[in-house]
Amino acid sequence: MTCKNQRPHCYIPPMRSRHVRIMLVSLLHFHQTPLEKQKKESSMAFHCLNPITATPFSSTRLHRSTWRRTSRSFSVSATMASPAKRVLIPVAHGTEPFEAVAMIDVLRRGGADVTVASVENQVGVDACHGIKIVADALLSDVNDSVFDLIMLPGGLPGGETLKNCKPLENMVKKQDSEGRLNAAICCAPALALGTWGLLEGRRATCYPVFMEKLGATCGTAVESRVEVDGRIVTSRGPGTTMEFSVTLVEQLFGKEKAAEVSAPLVMRPNPGDEYTITELNQMNWSFDSTPQILVPIADGSEEMEAVAIIDFLRRAKANVVVAALGNSLEVVASRKVKLVADVLLDEAVKNSYDLIVLPGGLGGAEAFASSEKLVNMLKKQAESSKPYGAICASPALVFEPHGLLKGKKATAFPAMCNKLSDQSHIEHRVLVDGNLITSRGPGTSLEFALTIVEKFYGREKGLQLAKATLV
């Protein structure tokens, strides 16, 4: 089998030309904090050796104005540094979406020039759990390019598709022979790197159920959350992705940059430990047969937070509706990841929900706060004592100014907490107050999603999902 790298004859969703030209200066983004406050080392746990359900794309109808393909540029740089380190992240149908999106997001925060390349015959891919991602390019567009790092996400059948992609195999092998970085997570170390013979004599890790297969192809299979052996970095699954990504920022840019990137992510101080929540005014969150959950997204929404919520709640078998503000199903998130919603908010507003939950991201939160339809939905939700929630910037920029935190305790992104009228509980990573749930940032998003699962399905279900995803 080879990659499906033919030019698409239908559904050609390219980058918006205005976004091709945008170069984000990460220090101007609200997630960044002054460098002098970020000198402490990140809390990554890794071992280092030699340290050098949803509609598929085929039937998704999109507004034509969003789909103009450009061949001038496929990658998006998070900073104006030159020369930028170039990173390739291939994706396929069945790629694990949180792994892919977190890798893209964190590396772009670090200043890498990241290209997301589809190995399918179209740039739109149906990732796991019904999450639709639009790549920057086809792999065939970039397979003659040189990258400082190639990162393989996991997920099935995406991992198998990457393994069977001969052009990608050739690129990764050339990368290794020329002494540049390769990295893989979840099933990809065993299925791809191991099968291609790149792990012989090396230490590596992967998703637990693939450890036996990994052991047959590498020097030593280990259970580290992140393992660095020379120019190959491996990791275990969704819950280790942020540590994995920050480790790769360190490999490309050094420890100081890794610390700078990790600090505003609000990463877990004790990764792998049982997640905890703080709950006030306990109440049952009820539903009929299946929880109906609305997740609005907009241009500028924080992609890691949005995808974590959607991914984990769909794993728990909740019915999650992703609704885009505006006139297009496609949104360009805060780090230029392109996501495709299930419906427009104008359609979603016709239904009722057991929970409405907002991701953060400065641009997205501002769009939510300006949406009369969404604010009215949230007010009705609160007045009916039905659950509603938000993470990162959204508690401060959406809930606070619209009176949705009145009489409630909440938390938010650290730099936004000064906008909360009641700051008595802001230090909590996840805070539940009756029918309200709030959280702090990208690094708390998996705990936030697990807490929602727990509120609907019970603690045991939350812990089972945490174990399966290595949170």
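The values are calculated or read from the model by the stated rules, or taken from the named source; none is laboratory data. For clarity, every value in this text was computed on a predicted model and none was experimentally measured. Methodologically, a virtual Cβ is constructed for each residue, glycine included, from the backbone with ideal geometry; neighbour enumeration extends over all protein chains shown. Please note that ligands, DNA and RNA were not included when accessible areas were found on the heavy atoms of the full protein model with its side chains. Shrake-Rupley method; radii C 1.70, N 1.55, O 1.52, S 1.80 Å.
When you scan the stretch 108-186 for helices (runs of 4 or more DSSP H) that lie fully inside it, which ones turn up with 2 or more residues that are among the charged types (D, E, K, R), modelled with pLDDT of 95 or more and under 28 Å from PHE312 (Cα atoms)?
Of the helices (runs of 4 or more DSSP H) lying wholly inside the stretch 108-186, those with at least 2 residues that are among the charged types (D, E, K, R), modelled with pLDDT of 95 or more and under 28 Å from PHE312 (Cα atoms) span 158-163.
A quick yes/no check of all residues on (1) surrounded by fewer than 22 Cβ atoms within 10 Å (Cβ to Cβ); (2) under 19 Å from VAL101 (Cα atoms); (3) among the small types (Gly, Ala, Ser):
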site	(1), (2), (3)
TRP196	yes, no, no
ARG203	yes, no, no
PRO208	yes, no, no
MET211	yes, no, no
ARG231	yes, no, no
GLY237	no, yes, yes
LYS257	yes, no, no
PRO264	no, yes, no
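Whenever a residue of the stretch 333-349 is over 20 Å from GLN292 (Cβ atoms), its partners that are β-branched (Val, Ile, Thr) and modelled with pLDDT of 95 or more, lying with C-beta atoms within less than 6 angstrom and at least six residues away or across chains, give the pairs VAL337/VAL101; VAL337/ILE104; LYS338/VAL134; LYS338/VAL332; LEU339/VAL331. Of all residues in the stretch 271-291, those satisfying the criterion of being among the β-branched types (Val, Ile, Thr) and either open to solvent by 60 Å² or more (accessible area, probe 1.4 Å) or not in a loop (DSSP other than H, G, I, E, B) (or both) are THR276, THR278. Would you mind stating whether PHE413 is of a type in the set (Phe, Trp, Tyr), modelled with pLDDT of 95 or more and in contact with a His (Cβ under 9 Å, 6 or more places away or on another chain)? The answer is yes for PHE413. Could you list, in sequence order, all residues of the stretch 436-447 that are open to solvent by less than 10 Å² (accessible area, probe 1.4 Å) and under 19 Å from GLU400 (Cα atoms)? Residues satisfying the conditions are LEU436, ILE437, THR438, SER439, GLY441.
When the stretch 341-364 is filtered for residues that are closer than 13 Å to VAL331 by Cα and either open to solvent by 10 Å² or more (accessible area, probe 1.4 Å) or over 20 Å from the mean Cα position of the chain (by Cα) (or both), the ones remaining, listed by number, are ASP342, VAL343, LEU344, LEU345, GLY363. Listed by first and then second residue, the pairs linking a residue in the stretch 392-415 that is within 24 Å of PRO264 (Cα to Cα) and open to solvent by 50 Å² or more (accessible area, probe 1.4 Å) to a residue that is charged (D, E, K, R) and not in a loop (DSSP other than H, G, I, E, B), with Cβ atoms under 8 Å apart and 6 or more places separating them unless they lie on different chains, are LYS409/ASP433.
Going through (1) under 19 Å from PRO296 (Cβ atoms); (2) touching a helix residue (DSSP H, G or I) at 6+ places or on another chain (Cβ under 9 Å); (3) among the acidic types (Asp, Glu); (4) surrounded by fewer than 17 Cβ atoms within 10 Å (Cβ to Cβ) one by one, GLU372 falls short only on (2).
Quick grid of which residues meet (1) hydrophobic (A, V, I, L, M, F, W, C); (2) assigned to a helix (DSSP H, G or I); (3) more than 20 Å from ARG109 (Cβ to Cβ):
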| position | (1), (2), (3) |
| --- | --- |
| PHE312 | yes, yes, yes |
| SER334 | no, no, no |
| ASP346 | no, yes, yes |
| ASN376 | no, yes, yes |
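Here LYS380 qualifies as in a helix (DSSP H, G or I), surrounded by fewer than 22 Cβ atoms within 10 Å (Cβ to Cβ) and of a type outside the set (A, V, I, L, M). Quick check on the stretch 244-252. Is at least one of its residues aromatic (Phe, Trp, Tyr), at pLDDT 95 or above, more than 23 Å from MET416 (Cβ to Cβ) and more than 16 Å from the chain's Cα centre (by Cα)? Within the stretch 244-252, none of the residues are aromatic (Phe, Trp, Tyr), at pLDDT 95 or above, more than 23 Å from MET416 (Cβ to Cβ) and more than 16 Å from the chain's Cα centre (by Cα). Among the residues of the stretch 292-309, those identified as more than 12 Å from LEU358 (Cβ to Cβ) and crowded, with 24+ Cβ neighbours inside 10 Å are GLU303, MET304, VAL307, ALA308.
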